[in-house]
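Everything below concerns the one structure shown next.
The values are calculated or read from the model by the stated rules, or taken from the named source; none is laboratory data. All of these numbers come straight from a predicted model, not from anything done at the bench. Here the Cβ positions follow ideal geometry from the backbone for every residue, glycine too, while neighbour counts run over all protein chains shown. Heavy atoms of the whole protein, side chains included, go into the accessibility calculation; ligands, DNA and RNA do not. Shrake-Rupley method; radii C 1.70, N 1.55, O 1.52, S 1.80 Å.
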Amino acid sequence: MEPVRPTLLDRALAAVAPGRAARRLAARASYTAIAASVTDPEGRIERTSGYRAGRSDRRQTKGWFARPKSANSDGIGRQQTLIGRSRDAAMNLPPATAAIERNVTFAIGTGLMAIPDLDGETLGLTPKEVAAWTARIKRDYDEYMSSTDPDAERTATGYGLQEVVLRGQLESGDLLGLRCWPSDQIGRVTMTAWKLVEAERVVSPFGHVDGKRWGGENGPVVVGGVEQDSYGAAQAYHVLTKPRGPGNSGRRANDTTRYEAWGKETQLPTAVLVFDKRRPEQARGVPLLAPVLELVKVFADATDAAALSLVLQSMLAVVYSSPGATAMPEPEYGDGELVQAEGVPETLSGGTSSDIKMEPGMVVEIDSDAKVDLKSPGKDNPVYEKFFEAVLTQIGAAIGTPFGVLMARFNSSYTASKGEMELFYKEVLRRVGRFTASWCKPGYDCWMYEQVARGVYDLPGFLDDLRVRAAWCSVRWAGDGKISLDPLREAKALEVHEAHAWQTGQQIAAAINGGDYDANVQRRGAEHRQFVDEGLPIPNAQGGGSDTGGTQASADGTSNGGSSQ
C-alpha cells in the first residue's frame, strides 16, 4: 500500500493549524488502510471456505459431479431424447398430462383476445376517433381470429392455434411458426397465415457442429438449427424438409431448408420461435417437464404397481384338488429349446402355456387328494397416499402448479384453496405475458400490415415510420380471467380497490373475465337507456329497483314505479 502524502490543502492547513492538519492526515491514512484491506485486487482468495455445497470432501456431495456449462450445452445436448420423453409423458402419464393441460386451459382458455390500445396524442387522433378505430380494429381482428385463415392448414381457428402453440411449447420446449401467404387457397379472406413446425424438425444442417460457424470462418453461428447474428439474435432457422418418422429417422446431406427470420422490406418477422427464455445466450427452449421427468416416471411406475395391487386385492381364488383332475401346466423357461437332464433338446408344443392369470372368482383344479384352499391377496399399501401427495407436491412446486390445482383437488379450507389459486394465477400471468409477446403480438402486427398494405385501413405513416407503426399496433390481451371461489366476497373487495384507486375498472374487468372496460361501459349505458325506455326498474347493487331510474324516466312520461302511464 502506498504511503499517504500531504495534499496542497494539507500543507496550507498545517501552516495555520498544525494540530488540525495532523489529525486530518491521520484520518486519511486510516481510511486508506481500511479501504485497501477490502478492495486490494491482490488479496488472496480462501478457497476452503464458503458454501458447503461447493465442497467435494463431504459425504453428502461425494459423487456429485457438476460443472457450469452454457445454456445451449445444457439444453441442446440431449434435446431430441428430452423432447421424445416429454411428449410420451404428456400422452401416457396422468400427472404430466395434467401439468400441461392446466397451464394451457388457464393461460389460453377460449382464446386471448386483442384489445387495441391506441395513443391518440401520439397518433393525432381525437378521443372519438380513438374509440372508433379501437372498435373497428377489435371487431375485424376478432373475425380473423375466429376463422381458420390464421392457420395455413385451415384446420384450427386463430384462437385454437394459440392453444396448439402453447401446448407445443410446453411439451417440446419450443415451436416454430413460419409466416406464409397462401393466395391459392379458395375462400381465404385474409392472406396472413402461419405454418407450424414442431421442435424436433428445427436442426442444424447435416454435418454441422452446433455452436460453430456455418459456411466458413466468416459465416454465422448455428446452434440447434438457429442461425444467429453477431449479437446472438436469430436471423434464420434451419428446418428438416420432411418430419421424422419410420424410415426417415436418419440424417443426410441437404435435408434442411433455411428460412429467414425477418422480412427485409416489411421489417416484420417471417419466422417466430416461441419458447420461454430463462438464461442468457439461450437459443432453444426446454420442455416444462424437463426438471421433473425422472420423478414423474418413478411416480407413474409406483402408481401402476399400486393399481395392480388393488386389482389383485379384489380377487378371490379357490384351489381344490380331486383325483383325475388335469395337471397344472409345466413351467415355461423362455422361448426356444428346453434342455432335459440327459442333455437332449426338447421344444414345447405350441399349445402348451404356463401363463396362469389371477381372475375374479378363479377356480383351479389339480390332481391330488381332496383339499380346498382360499387364495386372497394381502391388504393395500398404507403409505401410497402419502407418497402420492409428497411426490405430486414436489412436481407441482417445480413447474409452478400447486398440488390442488394440478390434481383438481380442493379439499382444504377456503383460505388454502384461495392461496393455491392466487399462486397459480401469478404463474399464469407470467406465462401469458411472455406468450403474447412472442406469438400473439407478431401475428397481430403482420395482420395489421396486411390491412394497410391492401388498402383496408388508411393509417397515415404506418408503412413509412416504425414508431408510427408501433403506435398503431399497440395492443393489450385479455383472456378468460381467473376463477372466483367466493364471487360475492371478492366483488366487495374489488369495490374497495377501485374506490381507493388501487385498481382501475379496466384492470378489474380484465382480471374477472377478460372483458374490455370501455366496451362494458358503453354497453351498460345502452342497456340502461333501454331499461328506462321500457319503464323497467333499474338494477342496483342491492338487487332491487332504483329511484334514479324512475326519476330519469319521468322526463319521458314514465312513472317512478317503472310502468308507463
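Take ASP464, ASP229, ASP276 and sort them by solvent-accessible surface of the protein heavy atoms, 1.4 Å probe, largest at the top. Walk me through the intermediate numbers first.
On the way: ASP464 140, ASP229 55, ASP276 25 Å².
Ranking ASP464, ASP229, ASP276 by accessible area, largest first, yields ASP464, ASP229, ASP276.
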In nm, the gap between the two label points placed 7 Å beyond Cα toward Cβ at LYS212 and ASN92 is 3.6
Expressed as a whole number of Å, what is the distance separating the alpha-carbon centroids of the stretch 253-303 and the stretch 62-77? 18
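Report the far tail of the P(r) of the stretch 119-268, meaning the percent of Cα-Cα pairs longer than 26 Å.
Details: 4889 of 11175 pairs.
Summing the P(r) tail past 26 Å for the stretch 119-268 gives 44 percent.
For the stretch 102-163, report the accessible area per residue in Å² (1.4 Å probe, heavy atoms, rounded to an integer). Before the final figure, lay out the partial values.
Values: 2890 Å² over 62 residues.
Normalised by residue count, the accessible surface of the stretch 102-163 is 47 Å².
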Dipole check, the stretch 442-526, charges on Cβ (K,R +1; D,E -1), about Cα centroid: among ALA501, VAL468, GLY479 the Cα furthest to the positive pole belongs to ALA501
Starting from the Cα of ALA307, step 7 Å along the direction of its Cβ; do the same at ALA17; then give the gap between the two resulting points in nm. 8.8
Label-point separation in nm, SER413 to SER73, each point 7 Å along Cα→Cβ: 4.9
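Where in the stretch 124-221 are there trypsin sites (Lys or Arg not before Pro) that are in a DSSP coil and have at most 11 other Cβ atoms within 10 angstrom of their Cβ?
Working: sites: LYS128, ARG136, LYS138, ARG139, ARG154, ARG167, ARG179, ARG188, LYS195, ARG201, LYS212, ARG213; in loops: ARG154, ARG188, LYS212.
Answer in residue order: LYS212.
Can you sort MET407, MET421 by solvent-accessible area, 1.4 Å probe, largest first? Could the numbers behind the result be given before it?
On the way: MET407 55, MET421 20 Å².
The ranking, largest first, comes out as MET407, MET421.
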Heavy-atom surface of the stretch 213-257, accessible at 1.4 Å and reported per residue (Å²): 60
Of the residues ALA131, LEU161, PRO94, the Cα lying farthest along the dipole of the stretch 66-167 towards its positive end, which is defined by charges on the beta carbon of Lys, Arg, Asp and Glu, belongs to PRO94
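Find how much the distance from LEU536 to ARG58 grows on full extension, using 0.36 nm per residue of separation minus their present alpha carbon separation; answer in nm with one decimal. If you can, show how the numbers build up before the last one.
Numbers: separation 478, 0.36 × 478 = 172.08 nm, distance 7.96 nm.
Full extension from LEU536 to ARG58 adds 164.1 nm.
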Tell me, what is the 1.4 Å probe accessible area of GLU495, in Å² to the nearest 10? 120
Run through the stretch 221-319 and list the chymotrypsin sites (Phe, Trp or Tyr not before Pro) located in a DSSP loop whose Cβ has at most 12 other Cβ atoms within 10 Å. TYR231
Computed E for GLU143/ASP229 - FRET, C-beta separation, R0 51 angstrom, nearest 0.05: 0.85
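Given a 1.4 Å probe, how much area per residue of the stretch 386-449 is accessible, in Å²?
That works out to 44 Å² per residue.
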By accessible area (1.4 Å), largest first, VAL272, VAL209 order as VAL209, VAL272
Could you tell me which of the pairs LYS264/LYS441; LYS195/LYS277; LYS386/LYS482; LYS69/LYS242; LYS242/LYS297 are separated by over 24 angstrom between their Cα atoms in the structure shown? LYS386/LYS482; LYS69/LYS242; LYS242/LYS297
Are there trypsin sites (Lys or Arg not before Pro) in the stretch 428-499 that DSSP marks as loop and that have at most 14 other Cβ atoms within 10 Å, and which are they? ARG454
